[in-house]
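A.B. asks: Can you read through this structure? Questions will come right after.
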Amino acid sequence: MKYLLLFLISFSAKAMQIDSDMKLIYQPEFSKNARELAHDTPTKYIDVVAEEVIFPRGSARDRMLNAIEMVSEIVNSETFKEMVIGYLNEYGQRSYTRNEGLSNEEVYLTLMEGREVLDQDTPGEMNLYIKRYRPWWPWSKVIGYTKIGKSKYMYVNWRKYKYFDSIAMASNIVHEWIHLMGFRHDSAKDHDSVPYAIGYITGRLAEQYLEDGYIR
Ligand SMILES: [Zn+2]
């Protein structure tokens, strides 16, 4: 699945961020001096905690637990920091859309603080509450949704998730977690939004991690 990332369309609603999948070829671009730029920002560590994974025992649950371990390696790597800070939007500017007024450096630091909208008192932790659901409509394109400020859970469509590999899961749970951190996006074409862009970065680093066995 090189450069072919599974992704999401979203319908903006006030609290609810509903993401549907679509396949697309999307290659994020990064500033050439991302490494130097990132040098001025301290590298933070975040503890990735699988608080609840409400999945039945089986291979999909195992892939999810692998995905969570990969996320921990990814977000705590220097490469992740450099990509988040060096990310260039479609106009070649180092900026995200729907960034809550934050620079790329501040986005990195805010995420690594781990203060989810509903988990303000556990800084330094990425608290993951993942619950599967089965849509009544079997052909639903929705892969997951969150209710920002109303629920700690990310709800994932079991009909899709049971076939996802750990790369797709890692990328999607980071996207959904970023919603739970209070960041939003417009449509699924809002590639430069914090959830989408950093979801893509995660997917790309997950591929690299599986190929090389580590991330710098
Ligand atoms: Zn979304």
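The values are calculated or read from the model by the stated rules, or taken from the named source; none is laboratory data. Here the structure is a predicted model, which means the values were calculated and not measured. Ideal geometry is used to build each Cβ from the backbone, glycine not excepted, and the neighbour counts take in all protein chains shown. The area values use the complete protein model at the heavy-atom level, side chains included, leaving out ligands, DNA and RNA. Shrake-Rupley method; radii C 1.70, N 1.55, O 1.52, S 1.80 Å.
A.B. asks: Select from the range 180-204 the residues that are away from the ligand (no atom under 11 Å from the Cβ) and of a type in the set (Lys, Arg) and write down the one among them that is least open to solvent (accessible area, probe 1.4 Å).
C.D. replies: 204
A.B. asks: Let me ask something else. Scan the range 99-120 for residues that are outside any helix (DSSP H, G or I) and among the polar types (S, T, N, Q) and jot them down. Working first, answer last.
C.D. replies: The first filter runs over the range 99-120 and keeps only residues outside any helix (DSSP H, G or I), leaving 99-103, 114-120.
Scanning the range 99-120 gives 99, 103, 120.
A.B. asks: Within the range 123-179, track down each residue that is under 13 Å from residue 61 (Cα atoms), open to solvent by 20 Å² or more (accessible area, probe 1.4 Å) and part of a strand (DSSP E or B).
C.D. replies: 131, 132
A.B. asks: What number of residues within the range 168-191 satisfy the criterion of being under 14 Å from residue 97 (Cβ atoms) and at pLDDT below 95?
C.D. replies: Filtering the range 168-191 down to residues under 14 Å from residue 97 (Cβ atoms) leaves 178, 183-191.
Retained after the next criterion (residues that are at pLDDT below 95): 185-191.
Here the count works out to 7.
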